[in-house]
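S.K.: What follows is a single structure, and I will ask about it in a moment.
The values are calculated or read from the model by the stated rules, or taken from the named source; none is laboratory data. Note that the structure is a prediction, hence the values are computed from the model and not measured. Neighbour counts are summed over all protein chains in view; Cβ atoms, including those assigned to glycine, are modelled from backbone coordinates with ideal geometry.
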Amino acid sequence: MQRESHQWHTGRLGRDMGLRVYGHWGMPVLAFPTSGGDQWEMEGQGMVAALAEFIDGGRIKLFCVGSNGDQSFYNKGAHPHHRSWMQRQWDEYVRWEVIPFIHAHCNGLPAIATMGASLGAYHAANTLFKHPDAVRVCFAMSGLYDLRSFMDGFHDDNFYFNNPIDYIGGMTDSWQIGQISSASVHIATGTGPWEHPSKSYDLSRALDHKGISHHLDDWGPLGGHDWPYWKHQMREYLKGL
């Protein structure tokens with residue numbers, strides 16, 4: 001399997017950020033780590049090995065980014081205004097640095113898929129909802145889509161426009177609604193260990209209310225909050241691509 005490591009300094013986050021690439025060809029899949037994870041997490045947790053047949057077969061090229069959770073929602077030492085600002089900066093880093101890197105690496109402007117589990121599912125979904133011009137497929141597993149519990153009661157525009165339950169509910173732009181609806185959005189949950197399906201159902205209801213087409217995939221006992229479940233789900237999803 002072809003593997004590459006990249007790193008650059010981003011002024012948006014004020015730090016060096018790493019990125020791992022797996023594969024030589026195929027649909028680019030932007031993979032977000034869980035809270036506290038980094039660009040090595042997908043390999044370290046066995047996700048890369050679980051998807052090896054799709055990577056080696058040239059069906060997908062996997063781009064794994066690090067996390068800035070320590071700067072944003074998990075930074076309890078910072079004022080909530082700073083947390084929401086850093087989430088906005090993270091979103092801009094992904095859209096205006098990572099996605100152009102993927103375009104250049106793939107020698108064009110291919111449709112990008114996102115994937116992630118737990119907090120990574122939030123990033124995967126948020127990135128498609130905010131940038132449906134660039135991201136056309138999303139696999140969000142065991143996610144949390146209302147981040148108010150991280151904000152100590154504080155609320156500002158930066159938070160609102162990065163909190164899917166809020167901005168989906170308030171969305172009025174018919175172009176954006178149409179773009180999201182025409183994408184392939186998979187919100188995965190289940191009844192397995194440590195899973196909280198109500199979070200995914202809440203997002204699904206918000207999308208339904210706006211008439212946004214999506215897939216709410218309840219995997220039942222195969223939808224737990226742990227890596228073996230997420231590996232199985234991603235293998236099944238990629239079989240259908």
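S.K.: Which of the numbered conditions does Ser200 fail, given that it passes all the others? Conditions: (1) at pLDDT below 95; (2) surrounded by 21 or more Cβ atoms within 10 Å (Cβ to Cβ).
M.R.: Among (1) at pLDDT below 95; (2) surrounded by 21 or more Cβ atoms within 10 Å (Cβ to Cβ), the lone unmet condition for Ser200 is (1).
S.K.: Trp8 fails exactly one of the following numbered conditions: (1) under 15 Å from Leu119 (Cα atoms); (2) more than 17 Å from the chain's Cα centre (by Cα). What is the number of that condition?
M.R.: (1)
S.K.: Still on this structure: Inside region 137-241, counting only helices (runs of 4 or more DSSP H) that do not spill past its ends, which hold 1 or more residues that are out of contact with any helix residue (DSSP H, G or I) (no Cβ under 9 Å at 6 or more places or on another chain)?
M.R.: 174-182, 197-209, 227-239
S.K.: Taking Asp146 as the residue in question, decide whether it is surrounded by 15 or more Cβ atoms within 10 Å (Cβ to Cβ) and either under 18 Å from the mean Cα position of the chain (by Cα) or at pLDDT below 95 (or both).
M.R.: So Asp146 fits the description; yes.
S.K.: Now for a separate question. When region 21-50 is examined, which residues are found to be of a type in the set (Ser, Thr, Tyr) and more than 19 Å from His123 (Cα to Cα)?
M.R.: Tyr22
S.K.: Exactly one condition in (1) on the phi > 0 side of the Ramachandran plot; (2) touching a Gly at 6+ places or on another chain (Cβ under 7 Å) is false for Gly66; which is it?
M.R.: (1)
S.K.: To continue, here is another question. Only residues in region 124-153 that are at positive phi count as the first member; pair them with residues that are of a type in the set (Val, Ile, Thr), Cβ under 6 angstrom, at least 6 apart or cross-chain, and list the lot.
M.R.: none
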